[in-house]
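One structure is given below, encoded as structure tokens.
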Amino acid sequence: MSHPYHQLVRDFFTQLATGTISDELLCDDITFWSVNSGLSDTARFKAGIRALNAIVDGQISYEIESITAEEDRAVAVINSHGTLINGDKTANNHVFVMTIRDGRVAHVKEFMNVDVVREKIAPLLQQVMAAAQQ
């Protein structure tokens, strides 16, 4: 039996791959926490999605390994992979814990292999951000 939040989680990752998530899926006051960046408010969360999309050649693919949902939570085990703008391949394993409110995502916690982010993602993000400030 599939929980109604399963589709919400699928839609979240389908849209995340495009570099934007529609406001219909997100609470106005969504917050995001990751082991890399700590707690982010709505603006920082959306800016992070755009920044990640800017360093990817094409899209990052998010493959859902499993979703578990009950009460006001959904947990998704995700495998991601893609090609960065410098030609490097990237892949990571993630666990996303989502709090759902009124059928929309209110809070996300992301756990992943931080070494992948530190070695591949962060340097490109810094380059893109530095170029944008010039």
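No lab work stands behind these numbers, since they all come straight from the coordinates. Note that this is a predicted model, so its numbers are computed, not measured. Heads up, the Cβs are rebuilt from the backbone with ideal geometry, glycines too, and the neighbour counts pull from every protein chain shown.
Quick notes on this structure:
- Dimensions of the chain based on its C-alpha atoms, expressed as ranges along the principal axes with the largest first, amount to 46, 28, 23 Å.
- Rounded to 10°, Cα long-axis angle of helix 42-54 versus longest principal axis of the chain: 50
- Placing dummy labels 7 Å off each Cα toward the beta-carbon, the span from ARG101 to LEU39 is 1.3 nm.
- Here the extension length gained between THR14 and ASP28 equals 3.1 nm, from 0.36 nm per residue of separation less the Cα-Cα distance.
- This model, with +1 at the C-beta of Lys and Arg and -1 at the C-beta of Asp and Glu, gives the chain a dipole about its Cα centre of some 320 debye.
- Per-selection metrics, the range 9-62 (Cα): Rg and Dmax in Å: 11.0, 30
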